[in-house]
1. Here is a list of conditions, (1) over 16 Å from the mean Cα position of the chain (by Cα); (2) surrounded by 11 or more Cβ atoms within 10 Å (Cβ to Cβ); (3) at pLDDT below 90, and D90 meets all of them except one; can you say which number that is?
2. What is the number of the single condition among (1) crowded, with 20+ Cβ neighbours inside 10 Å; (2) without any contact (Cβ under 8 Å) to a residue 40 or more places away in the chain that L55 does not meet?
3. Check whether at least one residue in the range 81-102 is within 18 Å of F21 (Cα to Cα), small (G, A, S) and touching a Pro at 6+ places or on another chain (Cβ under 7 Å), and report yes or no.
4. Suppose we keep only residues that are outside any strand (DSSP E or B) and of a type in the set (D, E, K, R) within the range 1-31. Which one would you say is surrounded by the most Cβ atoms within 10 Å (Cβ to Cβ)?
5. Output the qualifying pairs, or none if there are none: Cβ atoms under 6 angstrom, residues six or more apart or on different chains, first residue in the range 23-35 and among the acidic types (D, E), second residue surrounded by fewer than 18 Cβ atoms within 10 Å (Cβ to Cβ).
6. Please go through the range 37-72 and pick out each residue that is β-branched (V, I, T) and part of a loop (DSSP other than H, G, I, E, B).
7. Any idea which of (1) assigned to a strand (DSSP E or B); (2) under 17 Å from L122 (Cβ atoms) is the one E34 doesn't satisfy?
Amino acid sequence: MVNEQVCVLVIDDDAPSRRLFAAILGPRGYDVLEATTGQSGIDMARAVLPELIILDLGLPDMSGIQVALALKADQRTWDIPIITTTASPDSTGAAADERYCAGFAAKPIDYLGFLSTVKTVLDRRIASILVH
């Protein structure tokens, strides 16, 4: 599946995680952008308007939940789906909160499960755009 037009923003302070997401998505035609802090991720999302955001919950400057809530409160970015990620077992409940989360991927990443989540979330986004 080639996704030449699909831009995915990865917001994660962990360089190996960012490289992993890029290695999984890049060869499948996704344009992967990276941000290392919550604020830089918010700024990039507002500027680029990606089709999907992969958001780590444990960022150095603010929590991933704060980032998600800021994006959902912004008229420019409220409808961008967010897949949250975390390695912390204590955060899995928050990560799956449907108020701001369209999907969840636990770390370490299950390669096929992650790709399936990305496809499902993007398919739902396309369907919602076609309905409206």
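1. It is condition (2) that D90 fails.
2. Condition (2) is where L55 drops out.
3. yes
4. From the range 1-31, those outside any strand (DSSP E or B) are 1-6, 12-30; that's our starting set.
Subset that is of a type in the set (D, E, K, R): 4, 12-14, 18-19, 28.
Numbers: E4: 7, D12: 25, D13: 17, D14: 15, R18: 19, R19: 14, R28: 14.
Across the range 1-31, the extreme among qualifying residues is D12.
5. The qualifying pairs are D31/C7.
6. Of everything in the range 37-72, just one residue is β-branched (V, I, T) and part of a loop (DSSP other than H, G, I, E, B), namely T37.
7. Of (1) assigned to a strand (DSSP E or B); (2) under 17 Å from L122 (Cβ atoms), only one is false for E34: (2).
The values are calculated or read from the model by the stated rules, or taken from the named source; none is laboratory data. None of the values given here were measured: they were computed from a predicted structure. When we count neighbours, we look across all protein chains shown, and the Cβ atoms used for this are built from the backbone with ideal geometry, even at glycine.
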